[in-house]
Amino acid sequence: MSTDQDPTFSVKLLQLMLLSTYWGMQIWVTFISSFVMDSHLSRHTYGFIQSRLVPFYLHLGSACAFFNLTIYAVYHPSDMLDDRESFQIFIFFVSVTVAAVNAQWFGQMTSEIMADMHLIEQACGLGQDIGLSSNREAYAKLCESDVKYRHLSSRLWLYRLLSSLCNLCCIGCNFYSLWYLAENLATL
């Protein structure tokens, strides 16, 4: 159901709200709250909060990306696209795909692995130290002595890396989309 008519003010506002909401969440979750929580909360409290907030953030981000793509595609019929509009649709598509993979797979796996690691750490009296970088020696010793923990730790590192790369890709897509939107504003 694509249309060659200009979108209404309400549709433009909705797209702007979706894009800015997703951008704001990305900046807050990625660059602000993580660093604040890391320096003020115990390792397990931080992990517990992350395991509850991050899946919600990832799914909400996927929904914002999907609706941005849908709105843009409806008002830009494929037979009438120029190169820049085609690239913008591609950017929205990449954002939707990467956000969905992150929400459905990497984010979920990270939470599950972290929960398993917390049980092992609690059994060893670890996890109440403030900050993720404190008491590294004890966690390194646990990795050396417990094969299951070492395996979980390496899997957690891999899934966090992949999830972070997906998140950075979506931040880049949203930055480009905001740039594209700003270039096409007639005035402020």
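The values are calculated or read from the model by the stated rules, or taken from the named source; none is laboratory data. This is a predicted model, so every value here is computed, not measured. Cβ sites come from the backbone with ideal geometry, for glycine too, and all protein chains shown count toward neighbours. Keep in mind that these areas ignore ligands, DNA and RNA; they rest on the heavy atoms of the full protein, side chains included. Shrake-Rupley method; radii C 1.70, N 1.55, O 1.52, S 1.80 Å.
A Cβ distance below 6 Å, combined with a sequence gap of six or more or placement on separate chains, defines the contacts here; from segment 76-88, residues that are touching a residue at least 60 places away in the same chain (Cβ under 8 Å) reach residues that are aromatic (F, W, Y) in the pairs Q88/Y180.
With among the basic types (K, R), over 16 Å from G172 (Cα atoms), crowded, with 17+ Cβ neighbours inside 10 Å and at pLDDT below 95 as the only criterion, which of R43, R52 stands out? The conditions single out R43. Considering segment 92-143, and only residues there that are open to solvent by 30 Å² or more (accessible area, probe 1.4 Å) and on the phi > 0 side of the Ramachandran plot, the residue that is modelled with the highest pLDDT turns out to be G125.
Restricting the search to helices (runs of 4 or more DSSP H) fully inside segment 5-76 and requiring at least 3 residues that are closer than 17 Å to A100 by Cα and of a type outside the set (K, R) gives 9-27, 43-74. Considering segment 75-84, the residues that are open to solvent by 40 Å² or more (accessible area, probe 1.4 Å) and of a type outside the set (S, T, Y) include one that is nearest to Y176 (Cα to Cα), namely R84.
Look at (1) without any contact (Cβ under 8 Å) to a residue 60 or more places away in the chain; (2) under 30 Å from R150 (Cα atoms); (3) open to solvent by 20 Å² or more (accessible area, probe 1.4 Å); (4) touching a helix residue (DSSP H, G or I) at 6+ places or on another chain (Cβ under 7 Å) and you find that Y57 fails only one, number (3).
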